[in-house]
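Peer 1: The structure under discussion is supplied below as structure tokens; questions concerning it will follow.
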Amino acid sequence: MFIHWGLYSNPAGVWKGARIKHPYSEWLQASEQIPRVEYRELAALFNPDKFDADEWISEAGNAGMKYFLITAKHHDGFALWPTKASTYNVAEATPFGRDVLGELTDACRKHGIKHGFYYSHWQDWEGTGGDICTTHMENEEYIHPTEEEFQGYWQNKCLVQVRELIENYDPWFFWFDSWNEDSFKLITPERQDELISLIRELSDKCLVNSRIQFMAPSEDIDYISTMDNTFPDEGFQKPWETSGTLNHSWAYHAMDYEWKPTRELIKNLVKNASLGGNYQLNIGPMGDGTFQKAAIKRLREIGTWMQINGESVHGTAASPLGDMPWGRITSRSIDGNRTSLYLHLWEFTPGTAVLVEGTSCEVTEAVVLETGQPIDVEHCASGMLIRIPKELNGDDLPVIRLDMCTDQRADSKEVTVAHTTTDDS
Ligand code: JFZ
């Protein structure tokens, strides 16, 4: 689960009665070029009296999610924890006055979910030397910092806050964000190294994502974040994920109705899993601290599917056989010479058969996960024919598990394919 939440969650994409120009509500300050003093007044409105960390993390866990990421500090520069680097934080500047990150960290520990922080290390619109966005906000107030000003921000805010986040909350990962040429000027290889070294020095487990420098990530990053909402056709050498939205905006947007159907969200998850990648699905909680009903509905529908079919995603590896015209495959090594293949059936006609092309391994068991119903499998010249029961309902995105002996036939090309992804997140 990815969460975008902050001062922008109250205006929710509407400013002075009109929909803001930028499609992402968290971009409010830049979109409307709001003077800093005026934007800061939003802190007085931040009082999410229905916020319950345990509820958020329970929803994540029930949806089958294994890690949790939140905007500790987004581009506006406002911190969701009591930082010493600036009074512009939830504990000091808002009537709410609570340590949001502390409460969420505790809830994650309780539910066995790994927590991490989005930290906008390059853009910071507080006015203390972080960069601004050329496309949306350049004017007499918002100008790019000089190298010296940025260095001041880097030393006195960015590095101080990243240190605090590790020392206070011991996160499992950081998700830094940068994307264009402007970030290239300020997030130099030296600064990347400095930030990564600080993290390595303070934590022996904390992972760093590739968007620390989207244009040229250091070799030393741990995992790749793809472009937003982008589901690649091939996997990567390093562990990787796609972060994606439920509707369009990342933070809560009261006028955003572009909700993705649950079926599409599950297919995105499976598509990435079939290539060895993860899916980090975003929620934009409202200003009162709760999730929109449209978000909860989707989370729970995903949860229902995951309760039945979660083993076909969690801890699996990429398909050794590539994509199939009828769906996707994930795999799990059972032991040295046995593998489970999970057939995700997206397009099929009940009562016919689908072809698993490119394998001739012996199948020891074949069942529908949803019902436990056994499935007939026949070998043929190009692979295996899987007989689809006429009762099987395609609306439920069913999964068939094939257990096979991979050491039986030397002529099957997939038997030697290594399982690269074993992490169970
Ligand atoms: C960034 C943020 O500006 C946005 O508010 C949100 O937090 C998102 C997760 O990340 O937006 C981006 C960054 C990079 C790309 C697109 C949107 N990109 O490379 O396509």
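Peer 1: Here is a list of conditions, (1) in contact with a Ser or Thr (Cβ under 7 Å, 6 or more places away or on another chain); (2) in a loop (DSSP other than H, G, I, E, B); (3) open to solvent by less than 10 Å² (accessible area, probe 1.4 Å), and Ala43 meets all of them except one; can you say which number that is?
Peer 2: The single condition Ala43 does not satisfy is (2).
Peer 1: For region 1-35, enumerate the residues that are farther than 22 Å from Asp177 by Cα and in contact with an Asp or Glu (Cβ under 7 Å, 6 or more places away or on another chain).
Peer 2: Residues satisfying the conditions are Trp15, Ile20, Pro35.
Peer 1: State whether the residues of region 115-137 include one that is away from the ligand (no atom under 15 Å from the Cβ) and open to solvent by less than 10 Å² (accessible area, probe 1.4 Å).
Peer 2: Scanning region 115-137, I find at least one residue that is away from the ligand (no atom under 15 Å from the Cβ) and open to solvent by less than 10 Å² (accessible area, probe 1.4 Å), so the answer is yes.
Peer 1: Among the numbered conditions (1) touching a His at 6+ places or on another chain (Cβ under 7 Å); (2) more than 16 Å from the ligand (Cβ to nearest atom), tell me where Ser31 comes up short.
Peer 2: (2)
Peer 1: Ok, one more. Can you tell me which residues in region 185-230 are within 16 Å of the ligand (Cβ to nearest atom) and in a helix (DSSP H, G or I)?
Peer 2: Passing the criteria: Leu186, Ser210, Arg211, Ile212, Gln213.
Peer 1: Which one of Tyr153, Tyr169 is away from the ligand (no atom under 15 Å from the Cβ), of a type in the set (Ser, Thr, Tyr) and out of contact with any helix residue (DSSP H, G or I) (no Cβ under 6 Å at 6 or more places or on another chain)?
Peer 2: The conditions single out Tyr153.
Peer 1: Now for a separate question. Is there any pair linking a residue in region 374-388 that is without any contact (Cβ under 8 Å) to a residue 12 or more places away in the chain to one that is part of a strand (DSSP E or B) and open to solvent by 90 Å² or more (accessible area, probe 1.4 Å), with Cβ under 7 Å and at least six apart or on different chains, and which?
Peer 2: Asp376/Arg387
Peer 1: Here are the criteria: (1) within 16 Å of the ligand (Cβ to nearest atom); (2) surrounded by 14 or more Cβ atoms within 10 Å (Cβ to Cβ); (3) assigned to a loop (DSSP other than H, G, I, E, B). Tell me which single one Trp259 does not satisfy.
Peer 2: (1)
Peer 1: Out of (1) more than 16 Å from the ligand (Cβ to nearest atom); (2) surrounded by 14 or more Cβ atoms within 10 Å (Cβ to Cβ); (3) touching a residue at least 40 places away in the same chain (Cβ under 8 Å); (4) more than 16 Å from the chain's Cα centre (by Cα), what's the single condition that is false for Asp182?
Peer 2: It fails just one condition, (1).
Peer 1: Which of the residues belonging to region 158-179 are under 24 Å from Ala216 (Cα atoms), open to solvent by less than 10 Å² (accessible area, probe 1.4 Å) and either part of a helix (DSSP H, G or I) or among the hydrophobic types (A, V, I, L, M, F, W, C) (or both)?
Peer 2: Cys158, Gln161, Val162, Phe174, Trp175, Phe176
Peer 1: Another one. Hey, among the residues in region 204-221 that are surrounded by fewer than 16 Cβ atoms within 10 Å (Cβ to Cβ) and in contact with a helix residue (DSSP H, G or I) (Cβ under 9 Å, 6 or more places away or on another chain), which one's modelled with the lowest pLDDT?
Peer 2: Going through the qualifying residues, I end up with Met215.
Peer 1: Out of region 1-37, which residues are open to solvent by 40 Å² or more (accessible area, probe 1.4 Å) and under 12 Å from Gly287 (Cα atoms)?
Peer 2: Correct list: Asn10 only.
Peer 1: Assess whether Gly64 counts as being touching a helix residue (DSSP H, G or I) at 6+ places or on another chain (Cβ under 7 Å), farther than 30 Å from Arg300 by Cα, touching a residue at least 60 places away in the same chain (Cβ under 8 Å) and away from the ligand (no atom under 16 Å from the Cβ).
Peer 2: Answer is no for this residue.
Peer 1: Now for a separate question. Find the residue count for region 397-423, including only residues that are crowded, with 16+ Cβ neighbours inside 10 Å and at pLDDT 90 or above.
Peer 2: Total meeting the criteria: 8.
Peer 1: Which of the residues spanning region 262-301 are away from the ligand (no atom under 16 Å from the Cβ), surrounded by fewer than 20 Cβ atoms within 10 Å (Cβ to Cβ) and assigned to a helix (DSSP H, G or I)?
Peer 2: Passing the criteria: Thr262, Arg263, Glu264, Lys267, Lys293, Ala294, Ile296, Lys297, Arg300, Glu301.
Peer 1: Return the only residue of Leu69, Leu7, Leu45 being away from the ligand (no atom under 16 Å from the Cβ) and of a type in the set (A, V, I, L, M).
Peer 2: Exactly one of Leu69, Leu7, Leu45 is away from the ligand (no atom under 16 Å from the Cβ) and of a type in the set (A, V, I, L, M), namely Leu45.
Peer 1: Only residues in region 220-239 that are more than 18 Å from Asp177 (Cα to Cα) count as the first member; pair them with residues that are in a loop (DSSP other than H, G, I, E, B) and of a type outside the set (D, E, K, R), Cβ under 7 angstrom, at least 6 apart or cross-chain, and list the lot.
Peer 2: Every condition considered, the pairs that remain are Pro232/Thr226; Pro232/Leu275; Glu234/Leu275; Gly235/Leu275; Gly235/Gly276; Gly235/Gly277; Gly235/Ala318.
Peer 1: Filter region 332-356 down to the residues that are over 16 Å from Gly276 (Cα atoms) and either part of a loop (DSSP other than H, G, I, E, B) or among the small types (Gly, Ala, Ser) (or both) and list them by number.
Peer 2: Those that are over 16 Å from Gly276 (Cα atoms) and either part of a loop (DSSP other than H, G, I, E, B) or among the small types (Gly, Ala, Ser) (or both): Gly336, Asn337, Trp346, Glu347, Phe348, Thr349, Pro350, Gly351, Thr352, Ala353.
Peer 1: Within the bounds of region 241-248, is there any residue that is within 16 Å of the ligand (Cβ to nearest atom) and β-branched (Val, Ile, Thr)? Full working, then the answer.
Peer 2: Taking region 241-248 first, the residues within 16 Å of the ligand (Cβ to nearest atom) are 241-248.
Filter once more, keeping what is β-branched (Val, Ile, Thr): 242, 245.
Checked against the condition, which is being within 16 Å of the ligand (Cβ to nearest atom) and β-branched (Val, Ile, Thr), region 241-248 yields at least one hit.
The values are calculated or read from the model by the stated rules, or taken from the named source; none is laboratory data. Owing to the predicted nature of the structure, the values given are computational and were not obtained by experimental measurement. Counting neighbours? That spans all protein chains shown, and the Cβs are built from the backbone with ideal geometry, glycine included. Each accessible area value is taken on the protein alone, full model and side chains, heavy atoms only, with ligands, DNA and RNA left out. Shrake-Rupley method; radii C 1.70, N 1.55, O 1.52, S 1.80 Å.
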